[in-house]
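Report on the following structure.
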Amino acid sequence: MAPETAGNETQALSNLLQENRRFEPPADLAAAANVTAAAYDEAAADRLAFWEGAAERLTWAKRWDKTLEWNPPFAKWFVGGELNVAYNCVDRHVEEGRGDKVAYYWEGEPEGDTRVLTYNDLKTEVAKAANALQELGVGKGDRVAVYMPMIPELPIAMLACARIGAIHSVVFGGFSAQALKSRIDDADAKLVITSDGGYRRGKPSALKPTVDEAVAECPQVEHVLVVRRTGEDVAIGEKDIWWHDLVDRQSDQHTAVPHDAEDPLYILYTSGTTGRPKGILHTTGGYLTQTAWTHHAVFDLKPETDIYWCTADIGWVTGHSYIVYGPLANGATSVIYEGTPDTPHRGRFWEIVQKYKVTLLYTAPTAIRTFMKWGDDIPAKYDMSSLRVLGSVGEPINPEAYVWYREHIGGERCPVVDTWWQTETGAVMISPLPGVTAAKPGAAMRPLPGIVADVVDDQGNSVPNGGGGFLVVREPWPSMLRTIWGDDQRYIDTYWSRFEGMYFPGDGAKKDEDGDLWLLGRVDDVMLVSGHNISTTEVESALVSHPKVAEAAVVGATDPVTGQGIVAFVILRGSVEESDDIAADLRNHVAKTLGPIAKPRQILVVPELPKTRSGKIMRRLLRDVAENRSIGDVTTLADSTVMNLISEKLPSAKQED
Ligand code: 6R9
């Protein structure tokens with residue numbers, strides 16, 4: 001397909017990629033789907049009534065008086081309503097006779113290290129933990145920092161906070177002492193909940209020393225509650241209390257008092273691309289409404305029969321919304337896995353799917369591309385016939401990765417739902433519905449019922465079908481962030497100032513000829529080549545569509561002729577040997593797929609790509625490499641040695657014509 005011609009002023013982002021494959025929903029799934037096409041019409045006819053219906057799936061201690069109070073950009077949902085989030089996630093299932101149902105199958109990284117928690121068990125554990133927090137003097141509105149591995153005490157701690165109205169701030173267990181300290185300070189947390197450590201890559205990985213280092217500089221922290229997980233030696237100081245000493249002796253009875261629908265539930269820090277982390281604030285009623293409804297709709301969750309597994313870390317929003325709050329509110333049975341996908345072998349995920357007969361799987365493109373790189377023969381060894389819906393989140397999913405996921409994991413029978421959302425949106429916003437949508441590989445398709453999203457040009461005008469630009473959300477939604485903790489002005493400036501009256505998430509997107517939405521990556525990463533705004537996503541997807549490529553990251557590097565030149569970093573698939581002609585081969589492939597304007601100036605074959613700890617490619621660092629600068633801040637990198645591996649490849653870089 002020919003690239004867009006220059007001179008189209010309203011065209012904010014070129015639309016280069018053509019994709020004609022379609023996957024209809026399976027007939028049996030469509031026939032029994034939780035949500036049908038009628039939901040779009042209902043929500044379009046009366047959006048607030050639609051969300052009221054979703055809120056009615058929860059148990060409210062007091063019904064709301066008003067569905068939405070909107071003082072842009074500040075929203076209040078279900079005003080006057082009262083509920084207890086932990087009661088909704090745990091107790092009500094027990095009261096309704098489902099206490100023996102499994103809430104979590106927990107799989108530790110060391111093989112054979114497992115725990116099963118029913119809703120009864122969870123109720124007992126949450127009640128004890130809530131009593132323990134109160135004994136420590138933690139009350140409503142207090143902030144609690146949680147720095148833990150993926151063990152059952154993590155969701156238990158979160159639910160205990162929610163139950164008493166304390167605000168949790170979960171900090172991902174891979175962050176440094178400095179990152180933890182700054183988050184404890186920003187939220188002014190009085191309690192830290194942690195563990196001695198967790199298991200990662202086959203060995204214990206300590207957490208407590210990091211907490212000690214952070215807390216040494218946080219006088220406001222009164223206590224540190226420590227779960228024993230690995231049993232390794234840890235220093236126990238004055239502020240420290242073992243979880244088993246305090247929690248185990250508590251009563252298993254705890255009355256859940258109702259909280260206001262707009263009382264804070266949690267703060268979750270997101271670093272974004274630049275600057276100081278932002279404490280994203282979520283509240284109770286709207287957040288639980290949308291996480292529960294979207295989990296029911298997007299995964300077609302049948303709580304009685306499905307086994308659901310989200311592979312994210314609970315330290316990220318995906319884990320908050322789709323391991324803890326959404327699934328538990330729906331009474332689901334979930335799997336939680338502590339460790340990495342390659343421990344003790346590269347088939348671990350598929351072994352878990354086989355063992356628990358997982359039906360719904362939610363993972364990230366970065367993981368899918370890694371599995372592609374490891375080879376098709378690994379998943380082929382396992383029985384994954386239980387699977388029925390596959391989800392993707394975190395980055396745009398390249399069409400080839402989508403098709404691979406569908407074929408090699410989903411046995412070509414499972415719909416793939418590409419779910420777009422953010423820490424800030426709290427819950428899924430744009431996604432296919434598995435029983436409704438004829439999905440296109442690589443497209444998030446349509447805003448969910450009740451969500452009003454659009455693509456606009458740089459003046460804020462809606463782009464026509466076939467056009468690209470900036471993704472925006474036009475109307476408030478129940479699980480939206482309420483503000484940035486302690487900084488309303490930054491909330492306004494960051495999200496509501498780019499386009500008048502619209503929420504701007506910072507992502508580029510396009511509408512295809514049918515009006516379906518394709519996410520094109522962060523607008524900060526867009527490349528400007530000879531007057532064309534080209535998204536990183538489209539060029540990366542073109543590269544990944546080459547049979548030899550497993551992963552690709554592209555960046556724009558300053559170019560004397562074209563403004564920016566496209567520099568591509570690629571990882572080859574497992575069995576492919578690097579050869580001299582590969583760069584030329586790939587450049588031609590991109591030119592053929594997207595048009596000559598998108599042809600990379602330079603291609604580097606690398607063994608790894610720099611990623612954040614949640615698996616998103618950090619293009620900023622690759623730009624430094626491409627522009628021969630010294631490499632910037634690498635503290636948020638998952639693996640800091642990766643940049644050395646990439647730099648070593650540089651002398652052999654092939655600069656083409
Ligand atoms: C849930 C989560 C948010 C950013 C978001 C976007 C990218 C997430 C995506 C996607 C394309 C998808 N993103 N899902 N891009 N397609 N399905 O990842 O939250 O960590 O806050 O990141 O991730 O760029 O703006 P968070």
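Residues in the range 365-402 that are within 16 Å of the ligand (Cβ to nearest atom) and assigned to a helix (DSSP H, G or I): Pro365, Thr366, Ala367, Ile368, Arg369, Pro399, Glu400, Ala401, Tyr402.
When you look at Trp518, is it within 14 Å of the ligand (Cβ to nearest atom) and either more than 30 Å from Val417 (Cα to Cα) or of a type in the set (Phe, Trp, Tyr) (or both), yes or no? So Trp518 fits the description; yes. Taking every residue in the range 499-512 that is of a type in the set (Phe, Trp, Tyr) and pairing it with any residue that is within 15 Å of the ligand (Cβ to nearest atom), at least 6 positions away or on another chain, the pairs with Cβ-Cβ distances below 7 Å are Phe499/Val472; Tyr503/Val472; Tyr503/Val473; Tyr503/Tyr495; Phe504/Phe470; Phe504/Val472; Phe504/Tyr495; Phe504/Arg498. Consider the range 489-514 and keep the residues that are touching a Pro at 6+ places or on another chain (Cβ under 9 Å) and more than 14 Å from the ligand (Cβ to nearest atom). The one that is least open to solvent (accessible area, probe 1.4 Å) is Tyr491.
With the requirement that a residue be surrounded by 20 or more Cβ atoms within 10 Å (Cβ to Cβ), of a type in the set (Gly, Ala, Ser) and part of a strand (DSSP E or B), what does the range 456-480 give you? Those that are surrounded by 20 or more Cβ atoms within 10 Å (Cβ to Cβ), of a type in the set (Gly, Ala, Ser) and part of a strand (DSSP E or B): Gly468, Gly469.
Quick check: anything in the range 338-361 assigned to a helix (DSSP H, G or I), within 27 Å of Arg446 (Cβ to Cβ) and within 16 Å of the ligand (Cβ to nearest atom)? Scanning the range 338-361 turns up no residue that is assigned to a helix (DSSP H, G or I), within 27 Å of Arg446 (Cβ to Cβ) and within 16 Å of the ligand (Cβ to nearest atom).
Of the residues making up the range 53-78, just one is closer than 25 Å to Glu500 by Cα and of a type in the set (Val, Ile, Thr), namely Thr67.
Being open to solvent by 10 Å² or more (accessible area, probe 1.4 Å) and closer than 15 Å to Tyr325 by Cα narrows it down to one of Lys128, Lys123, so name that one. I'd like the intermediate steps shown before the answer.
Working: Lys128 fails: closer than 15 Å to Tyr325 by Cα.
None of the other options fit; the residue is Lys123.
Report, by residue number, each residue of the range 93-108 that is of a type in the set (Gly, Ala, Ser) and part of a strand (DSSP E or B). Residue satisfying the conditions is Ala103 alone.
Filter the range 296-337 down to residues that are away from the ligand (no atom under 16 Å from the Cβ), part of a strand (DSSP E or B) and open to solvent by less than 10 Å² (accessible area, probe 1.4 Å), then give me how many there are.
Just the residues of the range 296-337 that are away from the ligand (no atom under 16 Å from the Cβ), to begin with: 296, 300-309, 328-337.
Applying the additional criterion that residues be part of a strand (DSSP E or B) yields 308-309, 334-337.
In the following step, the residues that additionally are open to solvent by less than 10 Å² (accessible area, probe 1.4 Å) were identified as 308-309, 334-336.
So the count comes out to 5.
Within the range 181-218, the residues that satisfy the criterion of being out of contact with any Phe, Trp or Tyr (no Cβ under 6 Å at 6 or more places or on another chain), surrounded by 17 or more Cβ atoms within 10 Å (Cβ to Cβ) and among the charged types (D, E, K, R) are Lys181, Asp186, Lys190, Asp196, Arg200, Lys208, Asp212. Identification of strands (runs of 3 or more DSSP E) wholly contained in the range 191-249 with 2 or more residues that are touching a residue at least 60 places away in the same chain (Cβ under 8 Å) yields 197-200, 223-227. Among the numbered conditions (1) part of a loop (DSSP other than H, G, I, E, B); (2) more than 24 Å from Thr230 (Cα to Cα); (3) in contact with a strand residue (DSSP E or B) (Cβ under 8 Å, 6 or more places away or on another chain), the only one that Val90 does not meet is (1).
The values are calculated or read from the model by the stated rules, or taken from the named source; none is laboratory data. Keep in mind the model is a prediction, meaning the values are calculated, not measured. Note: ideal-geometry Cβ built from the backbone for every residue, glycine included; neighbour counts use all protein chains shown. Calculation scope for accessible area: heavy atoms of the full protein, side chains included, ligands and nucleic acids excluded. Shrake-Rupley method; radii C 1.70, N 1.55, O 1.52, S 1.80 Å.
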